[in-house]
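A short write-up of the structure that comes next.
The values are calculated or read from the model by the stated rules, or taken from the named source; none is laboratory data. If you're wondering where the values come from, they're calculated on a predicted model, not measured in any experiment. In this analysis, Cβ positions are derived from the backbone assuming ideal geometry, glycine residues included, and neighbour counts consider all displayed protein chains.
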Amino acid sequence: MSENRNLVLVVDDEEDLVIALKARFQSAGYEVEVARDGLEALRKARTLDPDVIILDVMLPKMDGFKVCRMLKFDNRYSRIPVLMLSARGQEVDQEMGKKVGADDYMVKPFDSAKLMSRVKELLGN
Amino acid sequence: MKQPDLRWMRREYSLSRVVMENTLVGTCMGLLVGLLLRGCLPQLNQINLDWVIFILIGMIIGLLSGFERKRQAQMEKKKNLLEKEVRESRGALVTTEDRYKNLFDNANDVIMVLDSDGRFVEVNGKFRDILGYEAAEWLGRSFYDLITAACRDVAIKNYWETLKGGAPRFELDAVHAGGSTINLACANSPVRDREGEVIGAMIIARDISESKNLEELQNRFISHASHELRTPLTAMREFASLLIDGVAGELNEDQKKYLERVEANIDRLARIIDNLLLMSQAEQEKIVLDKRQLDFGEVLAQVKEDYQAAAAKKRQDLTLNLGEEMPRILFDPDRVIQVLINLLGNAMKFTPDGGRIELGARRDGASLVAWVKDNGVGIKSEDHERIFDRFQQIRDGHKFGRKGAGLGLAISREIIRLHRGEMWVESEVGQGSTFYFSLPITQAPKVLLVDDDPDLVEMYKDFLTPYHYRVITAYNGEEAIRKAVAEVPDLVVLDIVMPRMNGYEVMGRLRESQTTCGIRVVILTGYGLDEKRLAAYGDRAIPALRKPVSMNEFVKVVQGELEKREEELLEGEKAGE
């Protein structure tokens, strides 16, 4: 069972949220890796091959939309499901999320139970 | 006591004096003439008839000449008076002109007089103050060179309206001499010649850049603040939820209960931020609906599911009441869910523990009516309209805050209004309240994209992907007509230059047929437009997009035309009823 554990890459520059999400996913039996800026996210996504990526929009060095687009437009990584989290609840953001190929999109603050069930859905696909 | 008017006496006196003087002179003259004619041989004792005649003639001549002199004097006086009047009025004329010139030059707004081709004829002093140009360098030049390219269509449309005798008001952006953009609020009025023919237009333009900037600043601020507020809330909520779920060890009942209150209040704060952001967007008409074709019943069931637990905590009985036939309708699920949550939140708050709340929907003619019904405290009838009024709420914020209805209702009604629906309440104090809203039952608009270049068609299709329209495509004129007849789209985006049958011909054919003549058309062109052929398509303005067309422009025009089509269809339905 332990070698089959799903790996979640959590990308956020808010240390508090990273701690909370890490605890949440670990308690639900996931393995967690963390990236704190866009470039680190891209690097870790490519090297660690995570099962799902939780991606914030506003990130240092490279924003989440760009990270998502670079992964989704690359055949090698496009199958990794990406769930975008944004503190901006504007239509533009959701549209952007769709345009760059994000698999799901949630607005902060989110309901943890919903987040977990959506992640499960993404892993099922 | 009134003084008797003595002026007439003086006048009579002066008249008779002149006449008497002349008569006297005339008599003397008669005497003299008589004496001379008698050869200076007077026979004084003899009274001759001749004398009498001479004296009489003299008197008459004197009398007449007296009257004549009087008449001349009067005429002279009249003439002087007239001359004086003319002099005075000429002076007045000069000052009136000065006054208008003054008004023109010192008006607070830019005033521009243009000829029928839109060239500058005259501008006032404010032109330089606000736009930074010398007036002289613009006289004879086109008004359209003064404004930004994006505003040209607006300006031309309104200028035509003015030349037809209208007086439109509109906003546009002008380019300052220094290169910056100046937002102008314009009021046009026609300039007419003596026969009443319109020969040009006068534009009075006010600089509204500052208020525009403020608006923008406010919007940016709210958007930024909402982002900044959400970030810490997210972390707070997540930690509370981790504790509740026992990730950091088991909690006792009270600890869990209190943390759930923390969580609920964080959610409430997040909703308030949502509403604030939405309201700022609504005020600037920036809410864009992301409509999709969905089963409304499913959405309602989902909301009920989400709130079941919260209702159970208050021992409230939350039920769902769906009509038999729930149509799939076109709406923005996120926004409508927000409305439902606002209404449900209020219902739960104003219904005592153990109360009943019902979520429901049914079909009602061409609309779908949904409701949130409670058996709570109810609302006084004089407040039935007031609770939807955001300004009222802001002013009486505290009072309403205690009553509980926040910005939520104003925003909810706005969202429903944007869907072309209505929202109202039925309620009695002590008997509970039912909040209703209606949504029109409509289908996703159908758009036909026509271009002989398949890559471009693909690109236009991509532009429209986020909007969930039903998109059909055609790659030549014949195919376009075939598909338009078979599918009757709401809008055709039509390339003009195509082999065999060009866009103008396609438009002509569409117009000939009963089924397709109501379809709206947007033109795509790489060349200039043949205005006459466009005009032949009908009284409707045909928007034209110049290639290469940007995504924003494309989407904006398509959305605008689809809205007009929707309005026409709604009007048609009303007329048909």
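So, in segment B:283-313, how many residues would count as being of a type outside the set (A, V, I, L, M) and within 14 Å of chain A (Cβ to nearest Cβ)?
Of the residues in segment B:283-313, the ones of a type outside the set (A, V, I, L, M) are B:283-286, B:290-293, B:295-298, B:302, B:304-308, B:313.
Next cut, within 14 Å of chain A (Cβ to nearest Cβ) only: B:284-286, B:290-292, B:302, B:305-308.
Adding up the residues that qualify gives 11.
Considering segment B:356-374 alone, what residues qualify as being outside any strand (DSSP E or B) and surrounded by 17 or more Cβ atoms within 10 Å (Cβ to Cβ)?
Step one: of segment B:356-374, the residues outside any strand (DSSP E or B) are B:365-366.
Passing the criteria: none in range.
Going by the conditions given, is B:ASP317 modelled with pLDDT of 85 or more, within 23 Å of B:PHE350 (Cα to Cα) and more than 12 Å from chain A (Cβ to nearest Cβ)?
Numbers: modelled with pLDDT of 85 or more: yes; within 23 Å of B:PHE350 (Cα to Cα): yes; more than 12 Å from chain A (Cβ to nearest Cβ): yes.
When the stated conditions are applied, B:ASP317 passes them.
The conditions are (1) surrounded by fewer than 17 Cβ atoms within 10 Å (Cβ to Cβ); (2) farther than 19 Å from B:ILE411 by Cα; (3) more than 9 Å from chain A (Cβ to nearest Cβ); (4) without any contact (Cβ under 8 Å) to a residue 24 or more places away in the chain, and B:GLU228 fails exactly one of them. Which is it?
Unmet condition: (3).
Residue check: is B:VAL336 within 30 Å of B:ALA366 (Cβ to Cβ) and part of a loop (DSSP other than H, G, I, E, B)?
no
Does B:CYS151 meet the test of being part of a strand (DSSP E or B) and within 23 Å of B:PRO543 (Cα to Cα)?
Working: part of a strand (DSSP E or B): no; within 23 Å of B:PRO543 (Cα to Cα): yes.
For B:CYS151, the condition - part of a strand (DSSP E or B) and within 23 Å of B:PRO543 (Cα to Cα) - is not met.
Quickly run through segment B:457-503 and pick out the residues that are in a helix (DSSP H, G or I), surrounded by fewer than 20 Cβ atoms within 10 Å (Cβ to Cβ) and without any contact (Cβ under 8 Å) to a residue 40 or more places away in the chain.
Scanning segment B:457-503 gives B:VAL457, B:GLU458, B:MET459, B:LYS461, B:ASP462, B:THR465, B:GLU478, B:GLU479, B:ARG482, B:LYS483, B:VAL485, B:ALA486.
Given the condition over 29 Å from the mean Cα position of the chain (by Cα), part of a helix (DSSP H, G or I) and surrounded by 15 or more Cβ atoms within 10 Å (Cβ to Cβ), answer yes or no: does some residue in segment B:79-99 qualify? It would help to see each step written out before you state the result.
To start, the set of residues in segment B:79-99 that are over 29 Å from the mean Cα position of the chain (by Cα) comprises B:79-99.
Restricting the remaining residues to those that are part of a helix (DSSP H, G or I) gives B:79-99.
If we keep only those that are surrounded by 15 or more Cβ atoms within 10 Å (Cβ to Cβ) as well, we get none.
No, that holds for no residue.
Whether any residue in segment B:375-383 is small (Gly, Ala, Ser), assigned to a helix (DSSP H, G or I), modelled with pLDDT of 65 or more and closer than 20 Å to B:SER438 by Cα is what I want to check. If you could, list the steps in order and put the result at the bottom.
Keep residues of segment B:375-383 that are small (Gly, Ala, Ser), which gives B:376, B:378, B:381.
Of the ones still in play, those that are also assigned to a helix (DSSP H, G or I) are B:381.
Adding the requirement that they be modelled with pLDDT of 65 or more leaves B:381.
This time we only want the ones that are closer than 20 Å to B:SER438 by Cα, so: none.
No, every residue in segment B:375-383 fails to be small (Gly, Ala, Ser), assigned to a helix (DSSP H, G or I), modelled with pLDDT of 65 or more and closer than 20 Å to B:SER438 by Cα.
Does B:GLN316 satisfy the criteria of being polar (S, T, N, Q) and within 22 Å of B:GLU263 (Cβ to Cβ)? Explain how you work it out, then say what you get.
Details: polar (S, T, N, Q): yes; within 22 Å of B:GLU263 (Cβ to Cβ): yes.
So B:GLN316 fits the description; yes.
Can you tell me which residue among B:TYR469, B:TYR460 is closer than 23 Å to B:ASP295 by Cα and touching a helix residue (DSSP H, G or I) at 6+ places or on another chain (Cβ under 9 Å)? Even if it seems obvious, please write down each step before you answer.
Values: B:TYR460 fails: closer than 23 Å to B:ASP295 by Cα.
Step by step, each of B:TYR469, B:TYR460 is checked, and only B:TYR469 is closer than 23 Å to B:ASP295 by Cα and touching a helix residue (DSSP H, G or I) at 6+ places or on another chain (Cβ under 9 Å).
Residue under question is B:ILE273, and the condition is that it be more than 30 Å from B:HIS468 (Cα to Cα), in a helix (DSSP H, G or I), of a type in the set (Val, Ile, Thr) and within 10 Å of chain A (Cβ to nearest Cβ); does it hold? Spell out how you get there, then give the answer.
On the way: more than 30 Å from B:HIS468 (Cα to Cα): no; in a helix (DSSP H, G or I): yes; of a type in the set (Val, Ile, Thr): yes; within 10 Å of chain A (Cβ to nearest Cβ): yes.
No, not satisfied.
Output the residues belonging to segment B:234-268 that are surrounded by fewer than 18 Cβ atoms within 10 Å (Cβ to Cβ), touching a residue at least 24 places away in the same chain (Cβ under 8 Å) and within 9 Å of chain A (Cβ to nearest Cβ).
The one that is surrounded by fewer than 18 Cβ atoms within 10 Å (Cβ to Cβ), touching a residue at least 24 places away in the same chain (Cβ under 8 Å) and within 9 Å of chain A (Cβ to nearest Cβ): B:ASP267.
Which count do you get for residues in segment B:141-167 that are surrounded by fewer than 16 Cβ atoms within 10 Å (Cβ to Cβ) and in contact with an Asp or Glu (Cβ under 9 Å, 6 or more places away or on another chain)?
Selection size over segment B:141-167: 4.
Tell me which residues, restricted to segment B:287-326, are in a loop (DSSP other than H, G, I, E, B) and exposed (fewer than 14 other Cβ atoms within 10 Å of the Cβ). Give the derivation first.
Of the residues in segment B:287-326, the ones in a loop (DSSP other than H, G, I, E, B) are B:287-291, B:314-316, B:323-326.
Of everything in segment B:287-326, those that are in a loop (DSSP other than H, G, I, E, B) and exposed (fewer than 14 other Cβ atoms within 10 Å of the Cβ) turn out to be B:ARG315, B:GLU324, B:GLU325.
Looking only at segment B:140-168, which residues are under 18 Å from B:ASN183 (Cα atoms), in contact with a strand residue (DSSP E or B) (Cβ under 8 Å, 6 or more places away or on another chain) and not aliphatic (A, V, I, L, M)?
B:PHE143, B:THR148, B:CYS151, B:ASN158, B:TYR159, B:PRO168
Can you tell me which of A:ALA102, A:ALA113 is at pLDDT 85 or above and under 18 Å from A:PHE73 (Cβ atoms)?
Working: A:ALA113 fails: under 18 Å from A:PHE73 (Cβ atoms).
Being at pLDDT 85 or above and under 18 Å from A:PHE73 (Cβ atoms) holds for just one of A:ALA102, A:ALA113, which is A:ALA102.
Show the residue pairs meeting these rules: Cβ distance below 7 Å; 6+ apart or different chains; first residue within segment B:139-164 and closer than 17 Å to B:MET202 by Cβ; second residue among the charged types (D, E, K, R) and assigned to a helix (DSSP H, G or I).
Hits for this filter: B:TYR144/B:ARG152.
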